[in-house]
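One structure is given below, encoded as structure tokens.
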Amino acid sequence: MRLLTALALLMLSLPALAAEGEKKIFKCKDAAGRTHYGTTAAEECARSKVTEMSDQGTARRELAAPLTEEELKNREERKLDDDRKKIDSDERARRDKILLSTYTSVDELEQFRVRKLTEMEKVISSSETTLNSLRRSLERLESEAAEEQKAGKPNPKTTKALEQARLQVDRHGQQIEKRRKEMENMRKQFDDDIARYRELKKVKPVKTVTR
């Protein structure tokens, strides 16, 4: 009985002893193309692929070489590009949802476009009227300041008023230019929205016949 027990324990321990006695062999090539073998990966192969070999000399598994700086950079750029595409796709889906829930037809969208652009044109026209008035006031002040300078009696009040008038003219001119750019962007956005709405609703553009 004791003999059978001892034999059983020996049989159970054999796989563990075999595994313990089996050493891993690694194969790799360095940057110069020289092949290295060893129980550990050679330091010369720090940037190379490493193959773990079996006792029969066949490849058991491969350990990929670490990425180079260029590969890491390319991977990061691809990730950033994928992230941007995902953000653009999500934003497009959000805008599509708003577009479809806001307007019931292309005509409604086009009418809204005309209304908003007309409102912007009125604002710009009003600002231009104000700007023309400011320019006339500026011309009068410049003429008055020139007369005072010619007479050798410059008036500090006129000089100060002239500076303020020039600032007002510049400020209004910049505001008008800003509104014109906003109007152009609005026009383009409406054109894009109308084209996208037609695409989503599968509405073909109306062809106009020229005579």
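You will find that of Ser48, Ser13, the residue that is modelled with pLDDT under 80, part of a helix (DSSP H, G or I) and more than 30 Å from Ile194 (Cα to Cα) is Ser13 and no other. Checked against the criterion of being touching a Lys or Arg at 6+ places or on another chain (Cβ under 7 Å) and either modelled with pLDDT under 95 or among the β-branched types (Val, Ile, Thr) (or both), the candidates Ile124, Ile98 yield just one match: Ile124.
Could you identify the single residue in Glu91, Glu148 that is free of Cβ contacts under 8 Å to residues at least 12 places away in the same chain, assigned to a helix (DSSP H, G or I) and surrounded by 13 or more Cβ atoms within 10 Å (Cβ to Cβ)? Testing whether each residue is free of Cβ contacts under 8 Å to residues at least 12 places away in the same chain, assigned to a helix (DSSP H, G or I) and surrounded by 13 or more Cβ atoms within 10 Å (Cβ to Cβ) leaves just Glu148. If the condition is being under 16 Å from Val114 (Cβ atoms) and in contact (Cβ under 8 Å) with a residue 12 or more places away in the chain, then the stretch 175-190 contributes Met183, Met186, Arg187, Phe190. For the stretch 117-172, the set of residues classified as touching a Ser or Thr at 6+ places or on another chain (Cβ under 8 Å) and closer than 30 Å to Met183 by Cα consists of Ala165, His172, listed by residue number. Quick one: would you say Glu119 is closer than 30 Å to Leu99 by Cβ and free of Cβ contacts under 8 Å to residues at least 12 places away in the same chain? Answer is yes for this residue.
The values are calculated or read from the model by the stated rules, or taken from the named source; none is laboratory data. Please read these numbers as outputs of a predicted model, since none were measured by experiment. FYI the Cβ positions are ideal-geometry reconstructions off the backbone, even for glycines, and counts take in every protein chain you see.
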